[in-house]
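Report on one structure; see the data block that follows.
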Amino acid sequence: MKSNTKCLKTGYLSGNGEPLALPIYQSTTYTYDTTDEVGKLFDLATDGHMYSRISNPTVAYYEQKLAALEGGVGAVCTTSGQAASFLSVFNIVTAGQHFIASSKIYGGTFNLFNVTMRRMGIDCTFIDQDASEEEIQKAFKPNTRAVFCESLANPALSVLDIEKMADIAHKNGVPLIVDNTFPTPIFCNPISFGADIVVHSTTKYLDGHAVQVGGCVIDSGKFEWTEEKYPGLTTPDESYHGLTYTKSFGNAAYITKLRVQLIRDFGMYPAATSAFLTDLGTQTLGVRMERHAQNALTVAKYLEKRPEIESVYYPGLESNPYHDLAMKYMPKGQSGVMSIVFRGGREAAVRFMDKLELANNVVHVADVRTCVLHPASATHRQLSDEQLVQAGISPGLVRLSVGIEDIEDIINDLTQALDSLN
Ligand SMILES: *Cc1c(COP(=O)(O)O)cnc(C)c1O
């Protein structure tokens, strides 16, 4: 099956006389005839649901779809993208250990890694993902356990050289975790280029309609977990009477541990209705992404020609420094998101945003509706103009997330807002 078909024909499939749509199993618990059966579930000796903090049939169907879309052996849904990023790392990196992350990652993930996880005793080194292999190698330490990057960075829109990064990680005996939120599995499949774990904020395009916050972790099942580096996976877990994940679950060891140990203990599991809503969005992911990419390229080419705009960052443009990488890793499209910088700086950016009528001014991105955000006034408000430049965000930068409205209406709205600046 190809991606569009997988969006519709994986996960829940109705049998004879059953509902066509994914049923919402709104139940906290599940009944069993014998105590023995329940005991076996607690021993992880049989498959089955026991409590909706750990798994639920509706969510499980959506997890199957996500694993199929990314080409993984299993997936676990989480209450948010932040929860997915945290669990993906914490599943294999513990107190006193270290991991490496790209400095281009989403601001929320940066804060999680740079502040909150440090408080837990987990050290992170941020690297320039475009640096040479030699340079990146310098960040590795004997206790390094993972590398974390975004396939298409939010909001810098840099394209990751996935093969290069996977190769460096593997030479050091650690997995590459890729946040694939922006291109989605429609445009990019990091696992096919060597990534070991994929995470998503399903809040963005996978839902697509701004109705449900969520996340997921997908395991490729390809990484060889060594006892030297990952005893948590290869030696007995006392909380399961001495069960060893790699022995009992083979190439699904990582994703099984993430669910039965971390989801069990932290409880970051979505409700059935949440999974239903996100699954509904994902059914049309393919057609939406095609339109997002087509509209975004037209908008990017238009904005490049406008005198009010200093620069347009969109990897689909031939003038973009990441264009070659984009053509290798996400050739059919990248996303609907771009960053634009105004010659008139902060003042022009704000006046432009306030003049928009069709586009929504929201703290959101990757929605069916065209929307805009001014980082200097919103997500990065606490920084001075000087600090903004250091963070790679110029005061005149606007993040534009192009929706699936008719392109004429989008261009008309942008045009009237730009004209009003003169
Ligand atoms: C939004 C976002 C996140 C965080 O996801 P939430 O669902 O908001 O917690 C992580 N990574 C990227 C690339 C994002 O855009």
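A compact table of results
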{"item": "Those residues of the range 212-227 which are more than 16 Å from the ligand (Cβ to nearest atom), in a loop (DSSP other than H, G, I, E, B) and touching a residue at least 24 places away in the same chain (Cβ under 8 Å), in sequence order", "result": "220, 221, 222, 223, 225, 226"}
{"item": "Matching residues in the range 377-403 - criterion: being touching a Ser or Thr at 6+ places or on another chain (Cβ under 8 Å), among the small types (Gly, Ala, Ser) and within 20 Å of residue 158 (Cβ to Cβ)", "result": "401"}
{"item": "Meets criteria (modelled with pLDDT of 95 or more, within 27 Å of residue 184 (Cβ to Cβ) and surrounded by 14 or more Cβ atoms within 10 Å (Cβ to Cβ)) for residue 14", "result": "no"}
{"item": "Of the criteria (1) within 14 Å of the ligand (Cβ to nearest atom); (2) free of Cβ contacts under 8 Å to residues at least 12 places away in the same chain, which one residue 242 fails", "result": "(1)"}
{"item": "Residue in the range 70-90 that is under 16 Å from residue 206 (Cβ atoms), over 16 Å from the mean Cα position of the chain (by Cα) and away from the ligand (no atom under 16 Å from the Cβ) present", "result": "no"}
{"item": "Pairs, first under 28 Å from residue 236 (Cβ atoms) in the range 23-44, second of a type in the set (Asp, Glu), C-beta under 8 Å, six or more apart", "result": "none"}
{"item": "Filter result for residue 358 (more than 18 Å from residue 314 (Cβ to Cβ), open to solvent by 50 Å² or more (accessible area, probe 1.4 Å), in contact with a helix residue (DSSP H, G or I) (Cβ under 8 Å, 6 or more places away or on another chain) and not charged (D, E, K, R))", "result": "yes"}
{"item": "Residues located in the range 117-162, provided they are without any contact (Cβ under 8 Å) to a residue 24 or more places away in the chain and either open to solvent by less than 50 Å² (accessible area, probe 1.4 Å) or out of contact with any Asp or Glu (no Cβ under 8 Å at 6 or more places or on another chain) (or both)", "result": "118, 119, 131, 132, 134, 138, 142"}
{"item": "Test: residue in the range 328-341 that is free of Cβ contacts under 8 Å to residues at least 40 places away in the same chain and either in contact with a Leu (Cβ under 9 Å, 6 or more places away or on another chain) or open to solvent by 10 Å² or more (accessible area, probe 1.4 Å) (or both)", "result": "yes"}
{"item": "Check on residue 370, of a type in the set (S, T, N, Q), more than 26 Å from residue 162 (Cα to Cα) and buried (at least 17 other Cβ atoms within 10 Å of the Cβ)", "result": "yes"}
{"item": "Sole residue being surrounded by fewer than 19 Cβ atoms within 10 Å (Cβ to Cβ) and touching a residue at least 24 places away in the same chain (Cβ under 8 Å), chosen from 80, 85", "result": "80"}
{"item": "Selection count, the range 163-210, where residues are over 21 Å from residue 370 (Cα atoms), open to solvent by 10 Å² or more (accessible area, probe 1.4 Å) and within 16 Å of the ligand (Cβ to nearest atom)", "result": "1"}
{"item": "Exclusive hit being out of contact with any strand residue (DSSP E or B) (no Cβ under 7 Å at 6 or more places or on another chain) and closer than 21 Å to residue 12 by Cα, set 271, 253, 275, 210", "result": "271"}
{"item": "Checklist (1) at positive phi; (2) within 21 Å of the chain's Cα centre (by Cα); (3) without any contact (Cβ under 8 Å) to a residue 60 or more places away in the chain applied to residue 366, failing item", "result": "(3)"}
{"item": "Residue match in the range 271-284 (condition: open to solvent by 20 Å² or more (accessible area, probe 1.4 Å), in contact with a Cys (Cβ under 7 Å, 6 or more places away or on another chain) and in a helix (DSSP H, G or I))", "result": "yes"}
{"item": "Some residue of the range 104-120 being away from the ligand (no atom under 16 Å from the Cβ), charged (D, E, K, R) and more than 19 Å from the chain's Cα centre (by Cα)", "result": "yes"}
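The values are calculated or read from the model by the stated rules, or taken from the named source; none is laboratory data. This structure is a prediction, so every number in the text was calculated from the model and none was measured. Counting neighbours? That spans all protein chains shown, and the Cβs are built from the backbone with ideal geometry, glycine included. The accessibility values were calculated without ligands, DNA or RNA, using every heavy atom of the protein model including side chains. Shrake-Rupley method; radii C 1.70, N 1.55, O 1.52, S 1.80 Å.
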